[in-house]
Structures are given as structure tokens and as C-alpha cells.
Amino acid sequence: MPGYDPGYDADAQAESPVKILIAGGFGVGKTTLVEAVSEIEPLRTEERLTTAGVGVDDLDGIESKTATTVAMDFGRITLTDAGVVLYLFGTPGQERFWFMWDDLLAGALGAIVLVDTRRLDRSFPAVDFFENRGLPFVVGANCFDGEQHYTADQIRAALHLKDPDTPLLMLDARSREDVRGALLSLLDLLIAGAEKTAASV
């Protein structure tokens with residue numbers, strides 16, 4: 001068919017595009033989250049962990065991890081009921097790649113910050129990053145193996161979130177429904193923020 005673009009998605013084009021970051025420390029489940037919910041084959045930039053990372057990458061508590069994101073993950077999900085298509089950009093977790101976070105931040109409207117309560121101290125820099133830059137975010141406490149040993153209130157207190165109204169959700173990054181719920185929670189936060197700003201003008 002003349003002029004037909006096989007990469008063109010008419011349904012996706014009918015929705016409003018929104019850029020969302022999926023962030024967090026090393027090994028919290030960002031790549032898994034993007035893969036679980038993306039309606040397209042996600043772009044992955046994973047490389048195998050090698051002996052070169054010994055003494056550099058902290059594998060304490062995640063010794064079975066064999067690969068890591070070295071640039072970003074990318075996926076897409078259309079939420080027809082919300083009238084948006086979300087473009088998901090997963091950030092690299094290793095500290096030596098965090099210089100890329102500010103570049104990925106450009107154009108983003110919000111973020112999901114994944115945390116691993118087995119290694120919660122590794123989550124503080126990611127939370128600080130978005131709090132310091134004023135980007136709205138929700139916290140997702142990844143329930144590895146379907147278990148979570150702490151309550152939302154305990155995790156919130158441990159993270160010392162500046163805004164007490166920052167949503168904190170329990171989720172399994174492997175579950176499409178859990179991830180979709182977290183994205184909808186983030187959209188609710190963004191809409192509430194936009195309405196508050198409009199009312200103050």
C-alpha cells in the first residue's frame with residue numbers, strides 16, 4: 001500500500017504521549033518492570049556482569065544477578081481508558097552510569113522509583129534525585145519472590161520521604177497488573193498536581 005508505514009500505530013497516535021522514568025538502584029527490578037508491562041518488544045541494553053565489575057558493583061544480597069543495564073530500557077504501554085500512551089524509560093542502576101539520569105529526565109512528567117527493602121540503603125540516592133529535581137514520583141516497593149517483610153508505613157519512615165503524600169505501593173515487578181496499577185497511581189498524582197497548579201493561577 002503506497003505510503004504505508006509498518007511502524008505506524010494509529011491507536012497509539014490517538015493517545016497523548018507521556019514520558020515516564022523507571023528508576024532505582026542497582027538490581028531493584030527496573031528491566032523486569034518494563035518487560036512486564038510493555039506492549040512492544042522492549043529495548044534492552046543489558047550486558048553480562050564480568051570480573052571487571054568486582055569491587056565496583058555491589059552484589060551484596062543479589063549474588064544471582066548476571067546482567068545489568070548499561071544505558072536504558074525502553075517500553076511502551078497504551079492506557080486507552082486514561083487517554084495516554086506511556087513511553088517508559090528505565091534508568092541504569094549502577095552509580096557509574098548515573099550521569100545519564102539527567103539526560104533521561106528531559107521531557108519526563110513523572111517517575112516510578114523502585115526500591116528493594118533487602119537493600120533499602122541503596123534506594124536513598126534515587127529518591128533524593130527526584131526530590132531535588134522536583135519531578136513527581138511514586139515509590140514501588142518490589143516484593144521479590146512475592147513477599148514483603150515490611151509495611152508501607154515502615155518503608156515510608158525508613159526512606160524519610162520529604163512529601164508525606166508521596167504514594168508508596170507494594171508491587172511485584174513481574175506482574176503486569178501490579179505495574180499497570182503503579183502507572184495509574186502516578187497518573188493520578190500528575191493530574192492532581194496539574195489541577196492544583198491550575199487552581200492557584
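Quick note: the coordinates plus some simple rules give every number you see, no bench work behind them. As the structure is a prediction and not an experimental result, all values here were calculated from the model. Cβ coordinates were reconstructed from backbone atoms using ideal geometry, including for glycine residues, and neighbour counts include every protein chain displayed.
Remark: spin-label model distance LEU120-MET170 equals 1.4 nm, labels positioned 7 Å along the Cα→Cβ axis.
Computed from the Cα positions only, the extents of region 76-125 along the three principal axes stand at 37, 26, 14 Å, in decreasing order. For region 90-151, applying the loop criterion from DSSP together with a ceiling of 15 other beta carbons within 10 Å to the chymotrypsin sites (Phe, Trp or Tyr not before Pro) yields TYR150.
One Cα centroid belongs to region 137-153, the other to region 75-128; the line between them spans 16 Å.
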